[in-house]
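The values are calculated or read from the model by the stated rules, or taken from the named source; none is laboratory data. The model shown is predicted, which means the values in this text are computed figures rather than measured ones. We place every Cβ from the backbone using ideal geometry, glycine too, and count neighbours over all the protein chains shown. Only protein heavy atoms, including side chains, enter the accessible area calculation; ligands, DNA and RNA are left aside. Shrake-Rupley method; radii C 1.70, N 1.55, O 1.52, S 1.80 Å.
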Amino acid sequence: MRFLLLFSRQGKLRLQKWFTPISEREKKKIIRDMTTMVLARQPRSCNFLHWKDLKIIYKRYASLYFCLGIENQENELLALEVIHRYVELLDKYFGNVCELDIIFNFEKAYFILDEFLIGGEIQETSKQMVNRAIEASDMLQEDDNSEWYEVELFG
């Protein structure tokens with residue numbers, strides 16, 4: 001897996017994750033090409049594209065497009081399943097995720113992605129294990145915030 005992009009129907013980039021080192025200039029070109037190609041396709045078209053030396057797999061959920069760039073030898077259906085699993089994890093955390101959840105809680109969306117994928121490979125296949133890690137992180141964050149609040153109050 002080379003990259004994962006989330007963008008709106010208007011072509012606004014909402015989240016990007018790069019699994020291989022690429023220059024900023026090349027990233028911008030890839031983002032522009034992906035949004036243009038995917039948004040130009042008919043709604044009932046196949047979700048797989050060939051672009052340069054990559055396969056592009058995308059799926060639309062509500063107002064967001066999830067787009068993966070994978071190597072030619074990788075499995076398209078597995079990539080589609082990776083997208084679907086990530087959406088399920090986001091849904092579980094946000095309760096029916098929408099574009100605004102990604103915009104206002106982008107750090108949590110990145111955290112969930114990092115718990116699920118590392119270096120373009122699936123780290124954890126169990127939704128329950130990923131959800132436990134997310135809950136544990138939230139608990140730690142709440143503990144840190146409450147301790148900071150107590151320090152501020154009681155100095």
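Couple of notes before you dig in:
- Qualifying residue in the range 81-98 (condition: modelled with pLDDT of 95 or more and open to solvent by 70 Å² or more (accessible area, probe 1.4 Å)): yes
- If the condition is being closer than 13 Å to residue 61 by Cβ, in a strand (DSSP E or B) and open to solvent by 50 Å² or more (accessible area, probe 1.4 Å), then the range 1-18 contributes only 14.
- Applying the criterion of being outside any strand (DSSP E or B) and under 18 Å from the mean Cα position of the chain (by Cα) to the residues of the range 46-79, the residue that is surrounded by the most Cβ atoms within 10 Å (Cβ to Cβ) is 79.
- Residue check, residue 27 at pLDDT below 95, of a type in the set (Lys, Arg) and surrounded by 12 or more Cβ atoms within 10 Å (Cβ to Cβ): no
- Every pair of residues 6+ apart whose Cβ atoms lie under 8 Å, when the first sits in the range 118-145 and is part of a helix (DSSP H, G or I) while the second is open to solvent by less than 100 Å² (accessible area, probe 1.4 Å) and at pLDDT below 90: 130/124; 133/124
- Only one entry in 21, 43 is open to solvent by 30 Å² or more (accessible area, probe 1.4 Å), closer than 18 Å to residue 119 by Cβ and not hydroxyl-bearing (Ser, Thr, Tyr), namely 21.
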